[in-house]
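Only one structure is covered here, and it is reproduced in the block below.
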Amino acid sequence: MKKAAIILPFIIVFIGEILNFTHPSAGSITKLLAIVYMAGFVFINNKYGKNLVVATFLFLPFLIVGILISFNLFAALEATLRYMFPIVVLFYSFSIKNYAKLVLTIIVAYALLSNIYQIFIYIQWVNGVSPLWFYNHIEVNGRNIYWANTTMGILRGVGLTGFFALYGFLNLIAFFIIKILYHGKFKNALLVIFFLGLFASLSFKAIGVFFFILFITSKYKLNFLIGFIVFLVASITIIPAKTKDFTEQLIFRIETYITEGNSARSDSYRVMFEDIANFNLIGRGAGSFGGAASTKYDSPVYAKVNFNWHGLNHLATTDTYYPHLFVELGILGALTYLIILFTPLIHGTSREKWLVIIAIYLALLFDSLFSFALNNLAFLMLSLVLLYPILNYKISKSET
């Protein structure tokens with residue numbers, strides 16, 4: 001019964017991701033139920049990490065101030081609920097820290113099932129059938145025409161997640177779990193599967209940070225660089241057109257989001273850096289910038305800072321987590337919040353465990369540069385929830 005109780009919130013969240021496509025309201029309610037369930041689980045089991053409790057209490061005064069100075073109480077409360085997602089997940093992670101093998105098996109199994117389903121999707125796609133019943137669709141002449149996310153003429157992998165970025169993230173996390181912590185049968189086969197799944201997502205964020213993590217966690221960095229060069233040369237030789245398309249897409253994204261700054265994402269960072277330069281210690285109020293609550297309740301902050309949506313005024317968020325955090329809660333609120341997220345790092349552990357934890361943090365924090373991964377419960381259930389179980393994981397060199 002205890003194991004079933006531990007698995008349940010994972011199932012709820014993953015089902016909620018699919019419901020987001022078919023019944024968005026139900027998807028939101030499902031995720032809220034998962035948060036309530038995890039909070040209740042922590043309370044009933046009465047297991048709290050002392051460092052987590054201290055860090056949370058340090059943060060709460062700044063969150064309360066953010067609520068009080070917000071332009072709209074409902075916007076502030078909605079944003080506050082989302083700020084609590086990573087905190088609740090971390091407390092839940094601590095409460096299930098003695099079930100590491102179960103939790104890691106859940107993630108690996110989910111990744112495998114997603115990849116198997118993705119193969120089925122490709123087969124149907126090649127045959128001209130739209131098997132993704134959870135994709136958005138329109139009705140034309142009595143037939144449902146499904147919208148599928150493609151880039152460079154290739155269908156982006158989504159597996160059972162419904163979202164290519166989450167699918168790529170899932171395969172990335174599963175890859176490093178197997179690479180570093182697993183020493184049993186079929187290890188190389190699993191690594192190949194998750195590597196291919198990652199590339200099938202065509203998520204530039206996940207692929208880019210994957211190679212970076214692979215480099216810094218490698219014992220043989222020179223061999224890695226040589227292998228990477230061989231991989232590039234082979235790609236250019238075997239699939240020159242697709243390699244060129246991929247490179248052009250990558251350059252376009254770098255120019256749009258970073259170097260040229262002609263997107264809502266880049267403008268959000270302008271606002272953040274201006275607030276930091278002006279020593280805005282307490283922020284502009286919870287729910288006032290960047291997040292879904294700010295657009296839902298028509299925050300006046302966007303006009304005050306001359307925010308440029310670059311023609312994408314319909315967006316629900318700026319798709320950048322850190323500007324949302326620093327602008328809303330200020331320098332002090334944001335830093336104390338980040339302290340909570342990094343609390344698991346206080347624990348000492350083995351080199352292998354550190355490498356997986358570093359991989360998890362880098363993947364999540366990098367993704368949040370260009371998304372709201374730190375507010376997305378599905379991303380959190382593939383990352384932060386793993387931290388304490390990994391710290392308590394007993395690695396066996398003779399797994400079978």
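The values are calculated or read from the model by the stated rules, or taken from the named source; none is laboratory data. Everything numeric in this text was worked out from a predicted model, so none of it was measured. Cβ coordinates were reconstructed from backbone atoms using ideal geometry, including for glycine residues, and neighbour counts include every protein chain displayed. Ligands, DNA and RNA are stripped out before the accessible areas are found, and what is left, the full protein with its side chains, is counted by its heavy atoms. Shrake-Rupley method; radii C 1.70, N 1.55, O 1.52, S 1.80 Å.
Just a few scattered comments:
- Residue selected from region 131-184 under the condition of a type in the set (Ser, Thr, Tyr) and open to solvent by 40 Å² or more (accessible area, probe 1.4 Å), by the criterion modelled with the highest pLDDT: Tyr182
- Cβ-Cβ contacts under 8 Å between residues 6 or more apart (or on different chains), taken from a first residue in region 69-89 that is within 12 Å of Met38 (Cβ to Cβ) and open to solvent by 10 Å² or more (accessible area, probe 1.4 Å) to a second residue that is assigned to a helix (DSSP H, G or I) and β-branched (Val, Ile, Thr), are listed as Met84/Ile35; Phe85/Ile35; Val88/Ile35; Val88/Val42.
- Tyr117 being in a helix (DSSP H, G or I), touching a Gly at 6+ places or on another chain (Cβ under 6 Å) and at pLDDT below 95: yes
- Hits in region 270-288 - residues which are crowded, with 20+ Cβ neighbours inside 10 Å and either closer than 23 Å to His310 by Cα or in contact with a strand residue (DSSP E or B) (Cβ under 9 Å, 6 or more places away or on another chain) (or both): Val271, Met272, Asp275, Arg284, Gly287, Ser288
- Total residues in region 195-240 satisfying the condition of being open to solvent by 60 Å² or more (accessible area, probe 1.4 Å) and small (Gly, Ala, Ser): the figure is 0.
- Counting only helices (runs of 4 or more DSSP H) that fall entirely inside region 331-393 and contain at least 2 residues that are more than 12 Å from the chain's Cα centre (by Cα), the qualifying elements are 351-367, 387-391.
- On inspection, Leu104 passes the criterion of being part of a helix (DSSP H, G or I), of a type in the set (A, V, I, L, M) and under 22 Å from the mean Cα position of the chain (by Cα).
- In the set (1) at pLDDT 95 or above; (2) assigned to a loop (DSSP other than H, G, I, E, B), Gly40 fails one condition alone, (2).
Here is a yes/no grid of residues against (1) at negative phi; (2) aliphatic (A, V, I, L, M); (3) open to solvent by 10 Å² or more (accessible area, probe 1.4 Å):
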position: Gly333; (1), (2), (3): yes, no, no
position: Ile339; (1), (2), (3): yes, yes, yes
position: Trp354; (1), (2), (3): yes, no, yes
position: Phe370; (1), (2), (3): yes, no, yes
position: Ala378; (1), (2), (3): yes, yes, no
position: Val385; (1), (2), (3): yes, yes, no
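- Test: residue in region 316-329 that is surrounded by fewer than 16 Cβ atoms within 10 Å (Cβ to Cβ), in contact with a Ser or Thr (Cβ under 7 Å, 6 or more places away or on another chain) and under 28 Å from Leu32 (Cβ atoms): yes
- In region 356-367, the residues that are surrounded by fewer than 21 Cβ atoms within 10 Å (Cβ to Cβ) and not β-branched (Val, Ile, Thr): Tyr361, Leu362, Leu365, Phe366
- Taken over region 1-23, the criterion of being open to solvent by 80 Å² or more (accessible area, probe 1.4 Å) and either among the basic types (Lys, Arg) or over 13 Å from Met381 (Cβ atoms) (or both) is satisfied by Met1, Lys3, His23.
- Flag for Leu365 being out of contact with any Leu (no Cβ under 7 Å at 6 or more places or on another chain) and farther than 16 Å from Lys205 by Cα: no
- Verdict on Pro61 being open to solvent by less than 10 Å² (accessible area, probe 1.4 Å) and modelled with pLDDT of 95 or more: no
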